[in-house]
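Encoded as C-alpha cells, the structure appears first; notes follow it.
Quick note: the coordinates plus some simple rules give every number you see, no bench work behind them. Just so we're clear, the structure is a prediction, and the values are computed from it rather than from any experiment. A quick note on method: Cβ atoms are made from the backbone with ideal geometry, for glycine too, and the neighbour counts reach across all protein chains shown.
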Ligand SMILES: [Zn+2]
C-alpha cells in the first residue's frame, strides 16, 4: 500500500493549483458541481454582459432588440426602413 503520510496539506494544495492551471476553463466548468457554483457567483455579471452586448442604433440611439442585427450603417430596422423610403 502507498504511504501518503509524507504529503503535507501545503504540498497537496500547491500541486492541486498546478494541475488546475493546466485545465481549460471549459474543463473546470465540466467538473461535477463547479458550473452551478460559478453560475451562481457570476449570475449578475452574465446578465450585465449580455445587456452590454446589445448594440445601439446609430440613427435613433435606441437599443436594437435581441435577435435583431443593425444594418450595414448601424441602423435599426425602423431607421433603415425610413432611410430607404422614397
Ligand atoms: Zn433606429
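Report note on the peptides 60-72, 8-20: ranked by the mean count of other C-beta atoms within 10 Å, highest first, their order is 60-72, 8-20.
Rounding to the nearest 10 and keeping the result within 0 to 90°, find how far the Cα-based axis of helix 9-21 lies from the longest principal axis of the chain. Result, in degrees: 30. Helix 34-53 and the longest principal axis of the Cα set of the chain meet at an angle near 20°. Each 10 Å bin, from zero up to the one with the longest distance, holds this percent of the alpha carbon pairs of the chain: 14, 22, 19, 16, 12, 8, 5, 2, 0.
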